[in-house]
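**Student:** Got a structure here, written out as structure tokens. Questions coming.
The values are calculated or read from the model by the stated rules, or taken from the named source; none is laboratory data. All values derive from a computational prediction rather than experimental measurement. Cβ placement follows ideal geometry from the backbone for every residue including glycine, while neighbour counts extend to all protein chains displayed. All accessible areas refer to the heavy atoms of the entire protein, side chains included, with ligands and DNA or RNA removed. Shrake-Rupley method; radii C 1.70, N 1.55, O 1.52, S 1.80 Å.
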Amino acid sequence: MRVGPFSLRTGGADVGTPECLTLPMTKHRSEATSLFEQACVLAARGTMPDAMRRIAQAIDRDPTFHPAQHALGVMNCQANWFAAGLKHLKLACQLDPRNATYRNDYGAMLVQDGNAIAAIPELVGSIALKPSADAALNLARAYRDIGQPDRATAQLQSLLSAQNPAHRIAAELEQARLFEVLGNMTAARQWYQKVLVQKPYEPRALMGLAMNGKATSADLIDLLQNALATNALPRRESAQLLRAKGKVLEDLERYDEAFMSYTAAHAAEASTFDIATYEKAVASVIAAFPREHFETAGTSAMQDETPVFVVGMPRSGTTLVQQIAAAHPEVCALDESNALDRALRSTLAAPWGAEQWITAVRGLRKAKLREIAGAYLAETRPIAVGKRRAINKTP
């Protein structure tokens, strides 16, 4: 998913190309088209907030202008505003149901938001309308996330022998990720190494090798450093590579250098962290949920032993625990599913993360807890068919 010069581009056709704009022209449609074209120019200049404002204005002029609905949906999701983004993408698909690009991008973002089950019909529909490597890769990711590795592998087979190097490498990276989820780290590393033979400084392959298993030599450090120097990477990917380099240095017990690399990763993300605000939020949660609350609040009274949650601090081994458990034939890994988030959001009307949300959660009793549990199980049961346990490390 990316924004290209003079057009807003996702996984398929440019949404700013003339064929996307050949809709019945009315006064409002003409204004919407003009605003949308302005947004494409702003996006090409890299002024994304202004581009998003223009697209929102285009939608205000004409809510049925589906190129704008689609573009704003993609941009919102890229900014991690999935709730708003998915609404726009869904509406774009409803307005133009035979647009393969819209359905692919909607499906891709559903997968990113952790809702692979809802993504599958969109991606299957996209492939039926217009087969594409992007849609096949997204569908493989969806099948991976719902614990169907055979179907995921089937989607990747033709791409693994594709003549297009970009498609082939993308499929190989996805195959490596699939083995990671299955807990077969040796096979995952072999696929990452296969990618590096073709593309020595491929960031995702280097990060995969660095983050899975303990480094025993410094060779990977040089490759990571060359990748940072060779590729014109977005801030986020640069930060990921620096963090991977820090992890390798830490494995080699070069702690001072590791700390410097982690510090550089933090700086590359250009993120701000307000410790006072964070401590206040944590204190609010602790105060709202003392031990006595759990002794009196009750449970949902649902006797289903399938769900398993792995809870822990970052970098404490939760991923390893899930991977070890997922290696058992009767365990399904939900990876980092947001199913519980969605169950809570669908039940609680309060804004997510707000003080009102804390109050709403404190007031939950058996009936509501049962409703939330039911929503969670309704989404995850189809993924865990035939399995005794479904393990989720992002409850």
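**Student:** Ordered by residue, what ³J(HN,Hα) values in Hz, to whole numbers, does the range 202-210 give under the Karplus form 6.51 cos²θ - 1.76 cosθ + 1.60, where θ = phi - 60° and Gly and Pro are x?
**Tutor:** 5, x, 5, 5, 5, 5, x, 5, 5
**Student:** Still on this model: From the square roots a ≥ b ≥ c of the eigenvalues of the alpha-carbon gyration tensor of the chain, which class results: rounded (a/c under 1.5), prolate (a/b over b/c), or oblate?
**Tutor:** rounded
**Student:** ³J(HN,Hα) across the range 332-347 via Karplus (A = 6.51, B = -1.76, C = 1.60, θ = phi - 60°), whole Hz, x for Gly/Pro?
**Tutor:** Each residue's phi maps through the Karplus curve to give 10, 8, 8, 6, 10, 6, 9, 4, 5, 4, 5, 4, 5, 4, 6, 9 Hz.
**Student:** Also, I was wondering about something else. Return the whole-Å distance between the Cα centroid of the range 87-141 and the Cα centroid of the range 318-395.
**Tutor:** 24 Å
**Student:** Between E336 and A128, 0.36 nm times their residue separation minus their Cα-Cα distance comes to what?
**Tutor:** Computed gain between E336 and A128 is 72.0 nm.
**Student:** Sticking with this structure for a sec: Measuring from centroid to centroid over Cα atoms, what is the spacing of the range 242-274 and the range 164-221 in Å?
**Tutor:** 20 Å
**Student:** If we count GluC sites (Glu not before Pro) as exposed when they sit in a DSSP loop and have at most 15 other beta carbons within 10 Å, what is the longest stretch of the chain that avoids them all? List each step's numbers first, then the result.
**Tutor:** Numbers: sites that count: E253, E305, E330, E336.
Result for the longest clean stretch: 1-252.
**Student:** Measuring from label point to label point, each 7 Å out along Cα→Cβ, what is the Q157 to E37 span in nm?
**Tutor:** 4.8 nm
**Student:** If every alpha-carbon in the range 108-186 counts as one equal scatterer, what log10 I(q)/I(0) does Debye give at q = 0.26, 0.27 1/Å?
**Tutor:** After summing over all Cα pairs, the log10 values are -1.28, -1.34.
**Student:** Per residue, how large is the accessible surface of the range 139-286? Use a 1.4 angstrom probe and give square angstrom. Numbers along the way, then the final one.
**Tutor:** Details: 8130 Å² over 148 residues.
I get 55 Å² per residue for the range 139-286.
**Student:** Are there trypsin sites (Lys or Arg not before Pro) in the range 32-127 that DSSP puts in a loop and that have at most 16 other Cβ atoms within 10 Å, and which ones?
**Tutor:** Taking the range 32-127 and a limit of 16 other Cβ atoms within 10 Å, the loop trypsin sites (Lys or Arg not before Pro) found are R45, R98.
**Student:** On to the next question. Looking at this model, which pairs from K199/K393; K194/K393; K366/K387; K90/K130; K280/K368 are more than 22 angstrom apart at the alpha-carbon?
**Tutor:** K199/K393; K194/K393; K366/K387; K280/K368
**Student:** On the Cα set of the range 149-205, report Rg and Dmax in Å, please.
**Tutor:** My reading of the Cα-based Rg and Dmax gives 10.7, 30 Å.
**Student:** Now a separate question. Of all the accessible heavy-atom surface of the chain, with the other protein chains kept in place and a 1.4 Å probe, what percent is carbon and sulfur? Please list the in-between numbers first.
**Tutor:** Numbers: 11690 of 20970 Å².
Solvent-exposed carbon and sulfur of the chain make up 56 percent of the total.
**Student:** Still on this structure, I have one more. When N counts the residues of the range 134-268, how does its alpha-carbon radius of gyration compare numerically with 2.2 N^0.38 Å, as a ratio?
**Tutor:** 1.09
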